[in-house]
Amino acid sequence: MPVKTSKAFLTVLGVPEKPQITGFTSPVMEGERMQLTCKTSGSKPAADIRWFKNDKEVKDVKYLKEEDANRKTFTVSSTLDFLADRNDDGAVVSCRVDHESLNSTPQIAMQVLEIHYTPLVKIISSNSWPEEGQSIILTCESKGKPVPEPVLWTKDGGELPDPERMVVNGRVLSISFLNKTDNGTYRCEAKNPIGRNSTEYVLIVHDVFNTLLPTTVIPSLTTATVTTSVALTTSKTTSATAISTRDPNALAGKTGPDHALIGGIVAVVVFVTLCSIILLGRYLARHKGTYLTNEAKGAEDAPDADTAIINAEGSQVNAEEKKEYFI
């Protein structure tokens, strides 16, 4: 009876060892070059290594594969090369080993970065438009590693000139009752064992801003009426009557000539005119009355007006005779 045979191919997988990250020394100064190497051995076929920084994959890496001494498995290494930056402080760098023997459960090694850097300084003002008599608070924010020492405040390169009004409390500079002498450049300086840094704030104290409310000019119409009459025995004068009317429909907010000044000038002119008319009327009335009185005194015995006037001059001692009075 015939003999049946079959063949089978057996592939033995080499499980990679847990990876390790080398090349990190803590702490690292900002600006230094860092080279981190992730290495794993015993994989068959050769494992794949991938780098991540805060869960974001880094592509620019070096990859190296070497055959082990048993000539059956491989040692794989990968190098991550970069410059240390303050933004990398506290970042988690990880290398992940992928292999078909791990059943979609990769092996991961992690390293937390510690970067030391000089302070970063910033001044924040509480008042964007400081005026005389107001106060202002300047806050010096400094961030560094190690933590910066207490900050140093100066003005125009020297000490603060008025400690009674310029009070420093930690990182905060408070200035009360601002005036023009406070104008200048204020510097905040922070330092730590790595180095020092500073920033400046230029203070300009402005004059007190007065808000003027808009005024409404309403034109007015002034009318003057003058009436004068002169009689032989009486005098009558009607004073000027000024009537001021206001147009309710006058547009507000429009600018024009100074009606108040014009009205005042018109009133003065009218008043002077009235006074002149009154004085002229009284003068004419008095002269007319004197003539008529003299004529009356001499009319009893004189045949004409000239004789009556002559007779009147000679009879001035006669006080009991007829007199006329004018009011």
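The values are calculated or read from the model by the stated rules, or taken from the named source; none is laboratory data. Nothing here was measured: the structure is a model prediction, and the numbers come from that model. Neighbour counts are summed over all protein chains in view; Cβ atoms, including those assigned to glycine, are modelled from backbone coordinates with ideal geometry. Quick note on the areas: whole protein, heavy atoms, side chains included, nothing else; ligands and nucleic acids left out. Shrake-Rupley method; radii C 1.70, N 1.55, O 1.52, S 1.80 Å.
Structure data summary
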| read-out | value |
| --- | --- |
| G90 free of Cβ contacts under 8 Å to residues at least 40 places away in the same chain and closer than 27 Å to V147 by Cα | yes |
| Residue check for K180: more than 30 Å from M29 (Cα to Cα), surrounded by fewer than 19 Cβ atoms within 10 Å (Cβ to Cβ) and basic (K, R) | yes |
| Where G133 falls short, out of the listed (1) outside any strand (DSSP E or B); (2) closer than 30 Å to K56 by Cα; (3) in contact with a Leu (Cβ under 9 Å, 6 or more places away or on another chain); (4) of a type in the set (G, A, S) | (2) |
| Criterion violated by L64 - all others in (1) surrounded by 15 or more Cβ atoms within 10 Å (Cβ to Cβ); (2) part of a strand (DSSP E or B); (3) more than 60 Å from the chain's Cα centre (by Cα) satisfied | (1) |
| Subset tally (residues that are within 17 Å of V76 (Cα to Cα) and either over 55 Å from the mean Cα position of the chain (by Cα) or assigned to a loop (DSSP other than H, G, I, E, B) (or both)) for segment 39-60 | 13 |
| Residue list for segment 86-100, filter: under 20 Å from P16 (Cα atoms), out of contact with any Pro (no Cβ under 6 Å at 6 or more places or on another chain) and open to solvent by 30 Å² or more (accessible area, probe 1.4 Å) | E100 |
| Of all residues in segment 86-114 being assigned to a strand (DSSP E or B) and polar (S, T, N, Q), the one that is farthest from the chain's Cα centre (by Cα) | Q107 |
| Filter result for L83 (over 30 Å from R171 (Cα atoms), open to solvent by 60 Å² or more (accessible area, probe 1.4 Å) and either touching a residue at least 40 places away in the same chain (Cβ under 8 Å) or within 57 Å of the chain's Cα centre (by Cα) (or both)) | yes |
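Every residue, every condition in (1) out of contact with any Lys or Arg (no Cβ under 7 Å at 6 or more places or on another chain); (2) farther than 19 Å from G90 by Cα; (3) among the aliphatic types (A, V, I, L, M); (4) without any contact (Cβ under 8 Å) to a residue 60 or more places away in the chain, yes or no:
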{"residue": "S6", "(1), (2), (3), (4)": "yes, yes, no, yes"}
{"residue": "T11", "(1), (2), (3), (4)": "yes, yes, no, yes"}
{"residue": "F24", "(1), (2), (3), (4)": "yes, no, no, no"}
{"residue": "Q35", "(1), (2), (3), (4)": "yes, no, no, yes"}
{"residue": "A46", "(1), (2), (3), (4)": "no, yes, yes, yes"}
